[in-house]
Amino acid sequence: MHFKLIIAMVEDEHTVRVLDAARRAGATGATVVEQARGEGMVPAKTFFGLDLDSNRDLILFLVEEHLSRRILEHIARVGRFDEEHGNGIAVQIDVEDAVGVVRQTQQLRGTVEDEL
């Protein structure tokens, strides 16, 4: 079984919705890193060195490659990444190898067979 890593950077107010959407689309879990910082095309506003921007969360999804595009599109739609500036972005990258995913592999086997 081959995997992709979906990395999503989202406004913290959208994290729960994005996690729920990913699970509905086939993700078996996620890792959330809270209070990540970043800067887009427009630099963040500050007031005497204090950030005025909202917090971002970094969400990592290790997903089966046949489900990855559906999950990516679903979280983008629910998170409104393309509709509202600053809501978030997500990318997927190939995973060369993964360990510690035996339970996920067993659970996904039937799902992936149904998809194909």
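The values are calculated or read from the model by the stated rules, or taken from the named source; none is laboratory data. These figures come from a predicted structure and were not determined experimentally. We place every Cβ from the backbone using ideal geometry, glycine too, and count neighbours over all the protein chains shown.
Residues of region 9-29 being on the phi < 0 side of the Ramachandran plot and touching a helix residue (DSSP H, G or I) at 6+ places or on another chain (Cβ under 6 Å), which ones?
If the condition is that a residue be on the phi < 0 side of the Ramachandran plot and touching a helix residue (DSSP H, G or I) at 6+ places or on another chain (Cβ under 6 Å), then V10, H14, R17, V18, A21, A22, A25, A27, T28 are the ones that fit.
Under 6 Å between Cβ atoms, which residue pairs at least 6 apart in sequence (or on different chains) link something in region 17-33 that is in contact (Cβ under 8 Å) with a residue 24 or more places away in the chain with a partner that is part of a strand (DSSP E or B) and of a type in the set (F, W, Y)?
A22/F61; A27/F61; A30/F61
Filtering region 73-87 down to residues that are of a type in the set (G, A, S) and closer than 17 Å to A21 by Cα, which residue is modelled with the highest pLDDT?
My answer is A76.
Among the residues of region 31-72, what is the count of those that are in contact with a helix residue (DSSP H, G or I) (Cβ under 9 Å, 6 or more places away or on another chain), more than 13 Å from K4 (Cβ to Cβ) and at pLDDT 95 or above?
Matching residues across region 31-72 total 2.
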